[in-house]
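Here's the structure we're looking at; comments come further down.
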Amino acid sequence: MITLFINGHARQVKAAPDTPLLYVLRGELNVMTPKFGCGLAQCGACSVLVDGEEVRACIYPIIALEGKQITTVDGLPARWQQQRSLPNAPDRLHPVQQAWIDEQVPQCGICQYGMMIKATELLEKNPSPSDEDINHAMTVSGPSAHLCRCGSYAAIKDGIHRAAAIIKGAELITTNTVEG
Amino acid sequence: MNIEQNDNEETQSVGEYLIYGAKLSRRAFLGGSGALIASLALDPKLAFAAANGSQPTSLDAAKPASWIEIHADNTALIRTGKCDFGQSSIFTAYRQIVAEELSMPVANITNVVWGDTDVTPDGGGTFGLLRTNVQNLRKVAAYIREAVLTLAAEKFAVAKDSLKIKEGVIQAGNHTISYGELLANQNWSLSIPVRGELTSFMGIVVTGEPPMKPVSEYTIIGQPLKNPIVRPKVAGDNIWVGDVKLPGMLHARVIHPETLGSTLLKAGPLDKTLFANSQIVTINNLLAVVSSDEWEAVQAARSVEAKTQWSDWQGIPTTSTGLQQFLHDKPSWDDVPDMQSRSSKGDISLPVAKSHSAEYFMPYYKHAPIGPMVSVAEVKDGKVVVHTHSQNPQFLRMAIAKMLKQPEADVIIKTYIGPGHFGRSNGGNAGSEDEAALLAVKLGVPVRVQWMRHDDMQWSTNSSAMLSQISIGLDEQGRIATYQAVHSGPPMQDDRPIGAILAGKDTILPPTPDNPSFLHGLGIFIADTWVYGSVENIAETGRGMYQLGQQESPINVGIRDHSMRTPIQFQQNFPRETAMSEAAALAGMDAIDFRLAHITEPRFKAILERLKIEADWDTRPSPSPQARANGSEPALGRGVSIMLRDNGYWACAAHIAIIPDTGEVKVERITLVSDTGIVVNPLQLKRQAEAGCIMGVSQALHEEVSFDNSKLTCTDWQSYPILKMAEVPKIKVVIAPDKTATMYGQGSESANALASSAIAGAFYDATGKAIRRLPLKPDYVKKALSA
C-alpha cells in the first residue's frame, strides 16, 4: 500500500506502484477534477500540484509521489484557506477559481482544471505576473504547453491578472472573512 | 368559455381556451401547489411515419415534461433538447429570452433541463442556437404569457389588453397578481402546436404565431448575464461525461483497425497472468478489451493491439501532401450534381480590363476536443441508456436504436457536460457512444468506452478539404465586373456511427449522390452568402465528390467528414476574401476601400468604417511600401475579411509579422467588429467571439490533417499541433449592433472563420507574395515567398 497526501488528507492506495496518478485519483479515490486529455503529458488537462510544482498526473507513477503533498482543483480552496489562515468557510473558492468566474474564463472548460493549477503555481511564485510571465508559464515552463481548443487563452490571461488582484486585495484584509 | 371551479373532478379537462392555436386546459386539482405546464401537441399526422420506416418515439404528448413550467412560487423551469459545449447559450441567452417574453426576472428561471432524450421536448441539433432553435422556447413563452393574461383578464373582469406584466407580476388597474399566485392551487396545461419529428436531424419545431414582445420593450435581453454553470465547473462540482461511474461498470478500450479499410484477421492474445481482470470482446471488426480496472484495460489493450493482425488496405487515392494536386487533377466531377448559388446571375464571360485568377486550398481539419470521446452505456429496465455528450441526443438515439434494431422508445440518451466538439457530435456519431452500447448489450453490464488521444485523432470525423478556383474580372475603373468561384471537395456530413460500421450493424445510409437526405447527398452547396451587392455578373458553383477512400473501402468509410464550425462557409470564405484582397491590389485600392466600393448593405459599410478606426487601419493599397519577401527582420502587414452569417455582419482585421527567411508567421493583433443584430448577452458574445477567433488563428497557422494511403497519420498534439498561449494575438472584439435590427445574433462561428483570410491578406500586404493555402506553416510560407 502506498500512502498519498491528497488535498491535505492521507489516502491509502491499493493500485500498483507504477500506476499513473490520474487513474488512481479518478478511479480509486474519486478525485475527479484532473481530466484525461491525452495520456501523453502533451496537453495539461490532468495537471496537479506536487509540493507546489505542476505535475502531469496522466504519466506520473504514484511510487514517485509517496510522502508528497498533492493538490488538485478540488483542494485549492483549502490550500488558500490554510496559506492565509482564514476561517473555515464551506463556500470559499481559491482566488484563481473566483477570478475564473468573474472573468467568465471557461468555454467548454475541460482544460481549465489544468489551467487553474498552472495559474496557481505561477501566482504562488510570482504574485504580479506580466503577460510575458503568463505566456512563459502556460507555454514553455511545464512538460508541454497547456492547450485549450475552444480558444479561451485571452480569457485565461484576464483571469490570471484578476486573480493576482484578488490576492493582493486579500492580503490587505486577511483579518476579515474573504467571500468566495 | 368558463372555467369550472370544481376541484374535486377526477382527471378530465375542466376548462379550455384556445390561445393563438395553443390549447390551454385546466386539469382538476390533484394536489401539489399548482403550476402551468406547457407541453407539446403532436400533430396526429406524425403518429408515426411507419411508411418511411422510422420508429415511433417514446415521447408522450400528454406527458408534462416539456418546454416550460411555471410554479406557484413564481419560479420557472425550462427544458430544451439543445446542449451546451461551453457556448453557455442555453444557460444564459435562453433564460434571458424566455424571461423577456414572460416579463419575469431572469433569476426566477431557476432550472434549465437539457439534452436528455427522456425529459426534453424538442430534439434537433445544437446549432443556430439563437437563430432558429431558441424560437421554440421563445414562442412557448409567448403562448404562456398570452394564456396567463387571458386568465388574469377573466379573474379581474378587465380587458386583456389593459393588463401589464412587470417583474413577473400582472398589473390590472389597482390589482396585482404574480404568475405564481394566479396559478397557485390549479393545474393548467398548455398544449403547444408543433411539427417535425423528434429524432430527425432538425427535431420538433413550435408552430403558430403568438404575438411577440416588441423589441423596444426589452430590458433583460442585452444584459451581460454571467453563465451560472461556470461556478460549479471551476469548483469541481459538476459531473462531466468522463466522471460517470455505474455499479459493476467495465472500462473498455477499443482497438481500432490498423487502416481505415482493414478487416480483423486475428485478435492478439491476452496475457491473463498480467491482465487477470481483462477480456477481449469482438463483434465483427469491432475489437475491444474490457477490465474492471481502467489502467489495466489501457495496458491490456496496448498488449493485445501489438499482436493483432489486420488486413492491409491502401485505398485512399492520395495523401495529404498530394491532396491539392489530386483535387486539381481529378478527371471528372460528374458523380455528384453541381450546385449553383442563389446569387449567381448575369454573364461572367463578359470581357474585362484586368483579372485575378487563382487556386486556393484548405486542408482537412480535426475538431480535436481536448478530451477524447467517452461514453458509458447500460441496459436498465429493458432500455439501453447511453451516458454521453452529444450535440443532437435525439438523433443519436435514432442511430443507436437503428444499430441495435430496438424501438427508439427503448433507447435513452443522457447528456452531460463535456469537451467542446465544434460540430462533430451534431449528428450523433462523435465516437464511443455506439461502441459503449454494443459492448454493454453484449456483456450485460455497464461499459465505459474512453477513446485515447490517437483514437480521437485517427478515427473521428474531419472537417473536409476544399479546392477553390476564383476569378475576379475588373473593369477599366478597377471595379469588379465579373466574379466566378468553383468550390470542389468532399462533403461535410457523415452521420454513421463508426462502431456500428465496424461491428457490421445497421446505420443510416452512407453519403452517396442519390441519398434521399439533402445532408448526406455529397453535394457542395454555396454556404458563403454573397455580400458584394454591386457586382452584376456572378457564378458560384459547388462540386461534390465521395469521401476520400469511401468507394475503395471494403467497409465504405474512407476519410469520414463532419461539420465543424462554419462548415463549408469557412472553406468558401477563405478563398473569396483572400482573392478579394488580391483583386484590391490589382485595382490599386486599399483592401477595405475596395470592399466598401462593392458593398451595398449599409450595415456592412458601418462595420467596415468602424473597423478602420478600431484597428487603427493604415489606408493604402497593398502591398505595403516596406513589403519584402526575404530577410531575417520581420515584414509587417495588415489584412481584412468580411462575412455574413446567421444574420450577423462581421469584419476582421489582422496585423501580422513574417520572418521571410524562416517562414515564421506571428499574428500580432486581430480586431473584430460585429453587428449581430439584437445582442442577447454581450458578455458571452464577446468571450465566444474572442475564443472562436483564437481557434481560427490556430487553424490558419498550424492545423492540417496528415494522411497516407491507408490512414490518418496524425495521432497526438505533436502531429496535430494547435495554437499555444504565447502565440495568441492581442484581440479586440467590438460589438456594434444596428439598433434597428429585429433578429438575435450569434457569434463564435464567424469569428472562427474570419481570421484565416484576414491573415492571408496581411501576408500579401507584408510580402507582396500571395499565400493561397492553409495553414501558414513555415514550409508553405517559404514556398509562397519564393514563387
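The values are calculated or read from the model by the stated rules, or taken from the named source; none is laboratory data. Since this is a predicted model, take the numbers as computed values, not measurements. Cβ coordinates were reconstructed from backbone atoms using ideal geometry, including for glycine residues, and neighbour counts include every protein chain displayed.
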Taking the conditions exactly as written (touching a residue at least 12 places away in the same chain (Cβ under 8 Å) and either in contact with a strand residue (DSSP E or B) (Cβ under 8 Å, 6 or more places away or on another chain) or in the same structural domain as B:ASN133 (by TED's automatic domain parsing) (or both)), does B:PHE707 satisfy them or not? no
When the residues of region A:116-128 are filtered to those that are within 12 Å of another protein chain (Cβ to nearest Cβ) and free of Cβ contacts under 8 Å to residues at least 60 places away in the same chain, which remaining residue is farthest from B:ARG231 (Cα to Cα)? A:LEU122
What number of residues in region B:716-770 are at the interface with another protein chain (Cβ under 9 Å from one of its Cβ atoms), in contact with a Leu (Cβ under 8 Å, 6 or more places away or on another chain) and farther than 17 Å from B:CYS652 by Cβ? 5
Could you give every pair whose Cβ atoms fall below 6 Å, whose first residue belongs to region B:473-485 and is closer than 16 Å to B:ALA585 by Cα, and whose second residue is of a type outside the set (A, V, I, L, M), counting only separations of at least 6 or pairs across chains? B:GLY473/B:SER355; B:GLY473/B:THR482; B:LEU474/B:LYS354; B:ILE480/B:HIS598; B:ALA481/B:GLY473; B:ALA481/B:ASP475
Check off (1) more than 14 Å from every other protein chain (Cβ to nearest Cβ); (2) in a helix (DSSP H, G or I); (3) in contact with a Leu (Cβ under 9 Å, 6 or more places away or on another chain) for B:SER216 and give me the number that stays unchecked. (3)
What pairs can you find where one residue is in region B:210-229 and over 13 Å from A:ASP102 (Cα atoms), the other is surrounded by fewer than 16 Cβ atoms within 10 Å (Cβ to Cβ) and of a type in the set (Phe, Trp, Tyr), and their Cβ atoms are less than 6 Å apart, with a gap of 6+ or different chains? B:PRO210/B:TYR20
Hey, could you check region A:22-51 for residues that are among the polar types (S, T, N, Q) and either free of Cβ contacts under 8 Å to residues at least 24 places away in the same chain or more than 8 Å from chain B (Cβ to nearest Cβ) (or both) and say which is surrounded by the most Cβ atoms within 10 Å (Cβ to Cβ)? A:SER47
Residues in region B:374-423 that are within 14 Å of chain A (Cβ to nearest Cβ) and surrounded by fewer than 24 Cβ atoms within 10 Å (Cβ to Cβ) total 2
When you scan region B:232-245, do you find a residue that is closer than 30 Å to B:GLU101 by Cβ and out of contact with any Pro (no Cβ under 9 Å at 6 or more places or on another chain), even just one? yes
Within region B:589-616, residues being under 25 Å from B:THR482 (Cβ atoms), assigned to a helix (DSSP H, G or I) and of a type in the set (Val, Ile, Thr) number 1
Among the residues of region A:97-109, is there at least one that is within 27 Å of A:ALA15 (Cβ to Cβ), free of Cβ contacts under 8 Å to residues at least 60 places away in the same chain, within 15 Å of the chain's Cα centre (by Cα) and within 11 Å of chain B (Cβ to nearest Cβ)? no
In region A:59-81, what residues are over 22 Å from B:PRO419 (Cβ atoms), without any contact (Cβ under 8 Å) to a residue 60 or more places away in the chain and within 11 Å of chain B (Cβ to nearest Cβ)? A:PRO61
Which condition breaks for B:GLU614 when tested against (1) of a type outside the set (Phe, Trp, Tyr); (2) more than 20 Å from B:ASP675 (Cβ to Cβ); (3) touching a residue at least 12 places away in the same chain (Cβ under 8 Å)? (2)
Would region B:416-430 turn up any residue that is out of contact with any His (no Cβ under 8 Å at 6 or more places or on another chain) and at positive phi? yes
Among the residues of region A:55-62, is any touching a helix residue (DSSP H, G or I) at 6+ places or on another chain (Cβ under 9 Å), among the basic types (Lys, Arg) and not assigned by TED's automatic domain parsing to the domain that holds A:THR19? no
Among residues of region B:80-120 being assigned to a helix (DSSP H, G or I) and among the polar types (S, T, N, Q), the residue nearest to the other protein chains (Cβ to nearest Cβ) is B:GLN96
What residue, of A:ARG84, A:ARG56, is more than 8 Å from every other protein chain (Cβ to nearest Cβ) and either of a type in the set (Val, Ile, Thr) or surrounded by fewer than 20 Cβ atoms within 10 Å (Cβ to Cβ) (or both)? A:ARG84
Can you tell me which residue within region B:306-324, out of those that are within 30 Å of the chain's Cα centre (by Cα) and either modelled with pLDDT under 95 or not β-branched (Val, Ile, Thr) (or both), is surrounded by the most Cβ atoms within 10 Å (Cβ to Cβ)? B:LEU323
